[in-house]
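A short worksheet on the structure shown next.
The values are calculated or read from the model by the stated rules, or taken from the named source; none is laboratory data. Everything numeric in this text was worked out from a predicted model, so none of it was measured. Backbone-built Cβ (ideal geometry, glycine too); neighbour counts: all protein chains shown.
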Amino acid sequence: MSILPIHFIGQCLSLDEHPLFRETIIAQFSDENYDWNQFIWTCSNHLVLPVIYLKFLKYDLISYVPDVLAQHLEEIYTLNRTRNEQILLQVKAI
């Protein structure tokens, strides 16, 4: 049974406080009918894709997601990090 996207995203984001959510997340990943597009859309609209990627890395979950999704998350994280570094340089220059 699929978990509502926002609830599932909340579990992913709260892994530091609730590491046992990892097993629930792995079970959700194994659901062949899980709507990954809705997951990405919701994470993107709430601006949490970069931190989702970091949580998946930290808790060794990245290998459970489809390869295309893992690559997309890494690209979004890299773009976000590069942008943030440029903003910090501009702030220092000011």
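One table, with the values for the structure above:
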quantity	calculated
Per-region count, region 13-31, residues without any contact (Cβ under 8 Å) to a residue 24 or more places away in the chain and either touching a Ser or Thr at 6+ places or on another chain (Cβ under 6 Å) or of a type in the set (A, V, I, L, M) (or both)	2
Test: residue in region 27-48 that is of a type in the set (A, V, I, L, M, F, W, C), in a helix (DSSP H, G or I), over 13 Å from the mean Cα position of the chain (by Cα) and farther than 21 Å from residue 83 by Cα	yes
Residue that is modelled with the lowest pLDDT [pool: residues in region 14-41 that are surrounded by 17 or more Cβ atoms within 10 Å (Cβ to Cβ) and farther than 14 Å from residue 69 by Cα]	28
Near pairs, Cβ below 8 angstrom, 6+ apart or cross-chain, from region 51-74 (touching a residue at least 40 places away in the same chain (Cβ under 8 Å) and in a helix (DSSP H, G or I)) to any residue that is of a type in the set (Lys, Arg) and surrounded by fewer than 17 Cβ atoms within 10 Å (Cβ to Cβ)	none
